[in-house]
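Heads up: the structure comes next, in structure tokens.
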Amino acid sequence: MAEEIIALFIPIVAVVVTGIVLVTFFYFRSKEKQLMIEKGLSYEQMIEMLKSRKDEYGLLKAGIIILFFGIGLGSGILIERFTGIEEWVPLFIFVMLGLGFIAAYFVARKLSERDKKRSS
């Protein structure tokens, strides 16, 4: 009975959390634009400022993080299958996600430095 209730709430919680994240994103984005208008920036200055803040390696970083998540999930399931201990899956997911964030940071930093050298 408890498993059915948990299974029912998983998609509900996922939708609510996704909604909260999206609403928060759009709220802070509009707040940022409102502050730019209050400072008296022109439309061209606002566009230039928003373009300069764009993360050009965002998709690369997301891909690296998702790759490490998959590796952690697969490794955890594989080790759980052989040992029978269920705690391996979350452990491997968290460890590999941490390594994925670290790797994504260093890869993006290295590529940014390379781009700066090329443009100089």
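Just checking, which of ALA14, ALA7, ALA62 is aliphatic (A, V, I, L, M) and more than 16 Å from the chain's Cα centre (by Cα)?
On the way: ALA14 fails: more than 16 Å from the chain's Cα centre (by Cα); ALA62 fails: more than 16 Å from the chain's Cα centre (by Cα).
Going through ALA14, ALA7, ALA62 in turn, just one is aliphatic (A, V, I, L, M) and more than 16 Å from the chain's Cα centre (by Cα): ALA7.
Restricting the first residue to the stretch 17-40 and requiring it to be free of Cβ contacts under 8 Å to residues at least 60 places away in the same chain and over 18 Å from LYS54 (Cα atoms), which pairs with a second residue that is open to solvent by less than 80 Å² (accessible area, probe 1.4 Å) and in a helix (DSSP H, G or I) meet a Cβ separation below 8 Å and a spacing of at least six or different chains?
ILE37/MET46
I'd like the full set of residues that are of a type in the set (Ser, Thr, Tyr) and either more than 16 Å from LYS61 (Cα to Cα) or open to solvent by 50 Å² or more (accessible area, probe 1.4 Å) (or both), limited to the stretch 99-120.
Scanning the stretch 99-120 gives TYR105, SER119, SER120.
Here is a list: VAL15, VAL95. Which entry is aliphatic (A, V, I, L, M) and under 30 Å from GLU113 (Cβ atoms)?
Working: VAL15 fails: under 30 Å from GLU113 (Cβ atoms).
After applying the criteria, what remains is VAL95.
Given the residues PHE69, PHE28, which is the only one that is modelled with pLDDT under 90 and either within 21 Å of the chain's Cα centre (by Cα) or in a helix (DSSP H, G or I) (or both)? Show your work before the answer.
Numbers: PHE69 fails: modelled with pLDDT under 90.
After applying the criteria, what remains is PHE28.
Name the single residue that is nearest to ARG109 (Cα to Cα) among those in the stretch 35-48 being assigned to a helix (DSSP H, G or I) and open to solvent by 90 Å² or more (accessible area, probe 1.4 Å).
Restricting attention to the stretch 35-48, the residues satisfying the condition of being assigned to a helix (DSSP H, G or I) are 35-38, 43-48.
With open to solvent by 90 Å² or more (accessible area, probe 1.4 Å) added as a condition, the list becomes 35, 37-38, 43-45, 48.
On the way: LEU35: 29, ILE37: 32, GLU38: 33, TYR43: 30, GLU44: 28, GLN45: 27, GLU48: 22 Å.
By that ranking, first place goes to GLU48.
Scan the stretch 79-98 and tell me whether some residue there is outside any helix (DSSP H, G or I), without any contact (Cβ under 8 Å) to a residue 12 or more places away in the chain and open to solvent by less than 70 Å² (accessible area, probe 1.4 Å).
Step one: filter the stretch 79-98 for residues outside any helix (DSSP H, G or I), giving 84-87.
Narrowing further to those that are without any contact (Cβ under 8 Å) to a residue 12 or more places away in the chain: 84-87.
Adding the requirement that they be open to solvent by less than 70 Å² (accessible area, probe 1.4 Å) leaves 84.
Looking through the stretch 79-98, at least one residue is outside any helix (DSSP H, G or I), without any contact (Cβ under 8 Å) to a residue 12 or more places away in the chain and open to solvent by less than 70 Å² (accessible area, probe 1.4 Å).
The values are calculated or read from the model by the stated rules, or taken from the named source; none is laboratory data. Small disclaimer: the values here were computed from a predicted structure and weren't measured. Glycine gets a Cβ as well: all are built from the backbone with ideal geometry, and neighbour counts include every protein chain shown. SASA here: full protein model, heavy atoms, side chains in, ligands and nucleic acids out. Shrake-Rupley method; radii C 1.70, N 1.55, O 1.52, S 1.80 Å.
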